[in-house]
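The values are calculated or read from the model by the stated rules, or taken from the named source; none is laboratory data. Predicted model only: the values in this text are computed from it and were never measured. No Cβ is skipped: glycine too gets one built from the backbone with ideal geometry, and neighbour counts run over all protein chains shown.
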Ligand code: 5AD
Ligand code: SF4
């Protein structure tokens, strides 16, 4: 095992292509290992001395042979037919790559993409023979799926690592040492810094390296730190069926694309999650079909820029079709052409199961051509809910953010969307206190909140991130207390406006997908309306509109009609009228 790691290290120093490009390993223990005691651990730039080369050549003789390396390319014909059969690298035995019933505890931080990534990582580990536990105390491996979007998100992880340190020290005395791994954006952003700062971290896996988890864990098993933070141009995990964490859930998230090419000046995502790439339509449809067969009632199509979706995976998709952006919007990158676009995908997904609600998040306002709006309008099972991250109400700040639109273009798009999809529910993201934001800019954001009256909002104080354009070119010059005061003002205004917007539902009968018992009361049920707002209603017997005469109590996954009686900024309340189906209730929000 140690020999293997030092060989990989040497491959990296010598610039060996194919194997070195699979992943890289950090070999903190290689100095300590006796057979390589003369080998130094050189810098990534690969400054090594001749002695090391000679030492390496003489030891190569005792390492894996050329035949070992050939073995993985000469797959016997019967294996070729099974995509699951892959020869392990010659230097780790099949047995070492297996989980051997070790228990993994996964903890997720950050956005919905991370929830989905957790399911992908778990799917890969489960196939390798790991077991899942939700009891930290009995875990053999603890993996944190991390977020880097704001400083605060990272601070939470550092604090968590300090807590885990005590657990790990205690385990050192037990039979099986505990292994700790950092997955996702923070692994990608900080790389070695995490391993150096927190010696107790054993593995790092960036967002495109989850397939490598069994190998990284096998390396960690031998007492080494191991990392793979290579970003990929094409990894979409298309063939990895995520394992839903909660098998009773009514809803699932389906990842349709990864990465982001927008390069908004404040955002770390393009650096941690890499270039934009879309998953082939066929594999998305297959996953949605499976979820429908399992009885799920809602899928949310997921991606950093869902509506920039573009499946270029087959030549015939690439006949040049011009790309329509929203009116008045531009892209930060050279306009891409061809491929199957988001409207095609949305159309196909929504045809799979008319009883399955379709949502998508998070879109970019630039990619809302009329064909997408039209489809949302006409298809009953595509929710009339659009997240339209504005980030600021000031055109000056929007330009500094490199968002590709002005306030005027954004407002015009809102009007156009409202005209195209009557009753649409709107939500947005805003950042308070971006570089150079004046009081006047801030007031423009306040006025945008008042003008649009969003139903939901996600508001953040600006957090400067290294590597971004803002970090290099702009000054984080809004004082922390000013950022927080402005954020608080935005929250207050947003709540007032959302309450007004949500109150327009009072008196309406809405279609609600039941999720389960309300967290606050055992006599109430909770579900979501078409606009994704939480609806609370008493858990009572009702008529079943699909089977007259039958009286039923609503179960998770049922559609019910609820008459709305009150509204706040975040929740609607009402009483239930009957159980129904999505198809039978297409005229669902009609005030009586
Ligand atoms: N500081 C604060 N908020 C940010 N976001 C992205 N980057 C930053 C940052 N550096 C917010 C944006 C984005 C949401 C996911 O997070 O509003 O839409
Ligand atoms: Fe970040 Fe902008 Fe990409 Fe969203 S669109 S992930 S804010 S760079």
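The listed residues are 357, 403, and the only one of them that is buried (at least 20 other Cβ atoms within 10 Å of the Cβ), within 18 Å of residue 254 (Cβ to Cβ) and modelled with pLDDT of 95 or more turns out to be 357. Looking across 566, 518, 548, one residue alone is outside the structural domain of residue 432 (by the TED database), over 19 Å from residue 359 (Cβ atoms) and within 30 Å of the chain's Cα centre (by Cα). It is 518.
The set of residues in segment 424-445 that are surrounded by fewer than 18 Cβ atoms within 10 Å (Cβ to Cβ), in a helix (DSSP H, G or I) and in contact (Cβ under 8 Å) with a residue 40 or more places away in the chain contains only 440. Here the condition is being part of a strand (DSSP E or B), more than 16 Å from ligand 2 (Cβ to nearest atom) and within 20 Å of residue 114 (Cα to Cα); of 161, 144, it holds for 144 alone. Screening 457, 531 for residues that are under 25 Å from residue 410 (Cα atoms) and more than 16 Å from ligand 1 (Cβ to nearest atom) leaves exactly one candidate, 531. Only one of the numbered conditions (1) closer than 17 Å to residue 448 by Cα; (2) not in a loop (DSSP other than H, G, I, E, B) is not met by residue 393, and that is (2). Restricting the search to segment 344-371, which residues are more than 16 Å from ligand 2 (Cβ to nearest atom) and within 21 Å of the chain's Cα centre (by Cα)? The answer is 345, 346, 349, 357, 358, 359. From the list 224, 244, the lone residue that is in a loop (DSSP other than H, G, I, E, B) and buried (at least 21 other Cβ atoms within 10 Å of the Cβ) is 224.
Here residue 400 meets the list (1) closer than 25 Å to residue 511 by Cβ; (2) part of a helix (DSSP H, G or I) almost entirely, failing just condition (1).
Yes/no matrix, rows are residues, columns are (1) away from ligand 2 (no atom under 16 Å from the Cβ); (2) touching a helix residue (DSSP H, G or I) at 6+ places or on another chain (Cβ under 8 Å); (3) at pLDDT 95 or above:
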site	(1), (2), (3)
464	no, yes, yes
469	no, no, yes
492	yes, no, yes
499	yes, no, yes
512	yes, no, yes
521	yes, no, no
524	yes, no, yes
530	yes, no, yes
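Out of the residues in segment 465-485 that are without any contact (Cβ under 8 Å) to a residue 24 or more places away in the chain and within 17 Å of residue 399 (Cα to Cα), which is surrounded by the most Cβ atoms within 10 Å (Cβ to Cβ)? Only one residue fits best here, namely 471. Residues that are closer than 23 Å to residue 419 by Cβ, assigned to a helix (DSSP H, G or I) and either over 21 Å from the mean Cα position of the chain (by Cα) or within 16 Å of ligand 1 (Cβ to nearest atom) (or both) do occur in segment 303-324, at least one of them. Mind listing whichever residues of segment 270-299 are surrounded by fewer than 22 Cβ atoms within 10 Å (Cβ to Cβ), within 16 Å of ligand 2 (Cβ to nearest atom) and assigned to a helix (DSSP H, G or I)? Residues satisfying the conditions are 270, 271. Selection of segment 514-539 for residues being surrounded by 22 or more Cβ atoms within 10 Å (Cβ to Cβ) and assigned to a strand (DSSP E or B) yields 514, 525, 527, 528, 535, 537.
Could you list all residues from segment 561-584 that are more than 30 Å from residue 490 (Cα to Cα), modelled with pLDDT of 95 or more and out of contact with any helix residue (DSSP H, G or I) (no Cβ under 9 Å at 6 or more places or on another chain)? Within segment 561-584, 562, 563, 575, 576, 577, 578, 579, 580, 581, 582 meet the criteria. Looking across segment 392-441, the residues that are assigned by the TED database to the domain that holds residue 489 and on the phi > 0 side of the Ramachandran plot come down to 423, 433, 436.
Going through segment 247-269 one residue at a time, which ones are assigned to a loop (DSSP other than H, G, I, E, B) and within 16 Å of ligand 1 (Cβ to nearest atom)? Hits for segment 247-269 are 259, 260, 261, 262, 263, 264, 265, 266, 267, 268.
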